[in-house]
Every structure is written in C-alpha cells, then in structure tokens.
Amino acid sequence: MGATSSPERLSLLVGLAVMMAATLPRYLAGGHQTRLTLLACAIVAVLAVVLAQWRLLAAEARGRLPALLRRLLVCLALGLVAMGVWQLAVAGWGGWALLASHGTTLGLLLHAVGLWWKPVEGGEGKV
C-alpha cells in the first residue's frame, strides 16, 4: 500500500461524499430502495476513510486543507451552474435532483483536474 495521507486526497474524498449525497434524491424519488441503501452505506464508508485520512495528516498539511475545500466548493458551484446551463440549453430541464447529481459530479471532476493541473501552493501536486 504505502500511500500517505495528503490534503489533496482528503479534499477529493470529501467531494466524493458530497457528490454521492447529492445523488441520494434521485434514488429516493425513483423508488430504488436497494440502491439508496447501498449508496448510503458507501457514503458512510467514504466518511470513515475521510476521518482516518484526517487523523493521519500532519499539522502543516491540515493548514492547506481550508484552501482546498474552498476550491472544492467553487468547483462544485461551477459544476452546478454549467450543468444548469447545459440542461436548459441542450438537454431540457431534468429537475433539481438530476441537476444536483450531474452538477456535483462535474464539479468534482473539475476539482480533480484542477489539482493535477494547478496544485495549491505548498502542495506536492500528488493526488
């Protein structure tokens, strides 16, 4: 294994948990109880890994985390706006549950690509 904890990984895991939580309303509205239960269990598992990664972070690495989480929030907001524009212009309005699911997915992808393309100051850029 040998993987070390990093604030970049932690921010991606938090984004993954947010994205998975944003998908819950789609399964709830669709009546997919089994998938809803599995997704809820997966969210709990991801949050457990987030907690474990947080405990492994060095003090200086924890100092970089707020900037990464702000970047994540900006990317999630950009993803929601972009998907809203896309749904209105091309695909037709699919509802708020679809917008939340697709928008947060795009936002997390933007965040991940942004970490690779332009790392936060003080980071190694390794994800």
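Values quoted throughout were computed directly from the atomic coordinates according to the rules given, and no laboratory measurement underlies them. Everything quoted here is computed from the prediction, not taken from an experiment. Glycine also receives a Cβ, built like all others from the backbone with ideal geometry; neighbour counts cover every protein chain displayed.
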Report the calculated FRET efficiency for Leu109 and Thr37 (r = Cβ-Cβ distance, R0 = 30 Å), to the nearest 0.05.
-> 0.70
Ala82-Lys118 pseudo-label distance in nm [points 7 Å out on the Cα-to-Cβ vector] = 1.4 nm
Say R0 is 30 Å: what FRET efficiency, to the nearest 0.05, do Ser5 and Leu28 get from their beta-carbon distance?
-> 0.35
Would you mind working out the magnitude of the charge dipole of the stretch 1-98 relative to its Cα centre, with +1 at each Lys and Arg C-beta and -1 at each Asp and Glu C-beta, to the nearest 20 Debye?
-> 100 debye
